[in-house]
Amino acid sequence: FFFQVVRHCRSMQTDDVARSTVDASAGRLLAIMADVDTVSGYLLAGIGDASATQGPNFFVVSNTTSRADMETAFRDLSSREDVAVLLVSEQIADVLRDEIDEYKKKMSERGPRRPGTNASNMPCTVLEMVPSTQPQ
């Protein structure tokens with residue numbers, strides 16, 4: 001998944017890249033919504049953070065997780081000021097397609113980040129993870 005995200009970031013439009021650029025000193029986080037194995041891998045890589053006021057920067061989805069819980073987690077994670085990028089697995093993105101498309105549309109209407117603006121006021125960028133194709 002990680003390499004697919006990197007490849008996707010390289011293929012993003014210039015406006016998307018400008019919008020997702022953040023000031024490292026602002027302390028913005030990477031957040032993730034995925035299955036337990038994927039989230040565990042990212043947590044082991046060191047992206048985990050659990051704010052006392054905002055909770056964890058990850059959401060684990062299983063086959064018993066309701067759509068309403070996924071929608072709430074998406075809204076919560078994508079609206080956090082301390083999250084720069086929200087990674088959403090392909091399976092969850094398929095379930096939340098309308099919400100993700102609406103969020104991306106709303107963010108594109110805001111326009112690209114202007115140099116010198118406060119990074120903590122920028123919305124997070126939502127990236128969908130797709131499984132890499134394995135040569136057989």
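The values are calculated or read from the model by the stated rules, or taken from the named source; none is laboratory data. These numbers come from a predicted model, not from an experiment. Counting neighbours? That spans all protein chains shown, and the Cβs are built from the backbone with ideal geometry, glycine included. For accessibility, only protein heavy atoms count, side chains too; no ligands or nucleic acids. Shrake-Rupley method; radii C 1.70, N 1.55, O 1.52, S 1.80 Å.
Accessible area per residue was computed with a 1.4 Å probe on protein heavy atoms; residue 72 scores about 60 Å². Between residue 76 and residue 43, the simple spin-label model (points 7 angstrom out along Cα→Cβ) gives 1.4 nm. Remark: the Cα gyration tensor places the range 40-83 in the oblate category, a/c being 1.5 or greater and a/b not exceeding b/c.
Given a 1.4 Å probe, how much area per residue of the range 21-97 is accessible, in Å²?
On the way: 3920 Å² over 77 residues.
Here the residues of the range 21-97 average 51 Å² of exposed surface.
Rg and Dmax, both from the Cα atoms of the range 63-104 and both in Å, are 10.1, 29.
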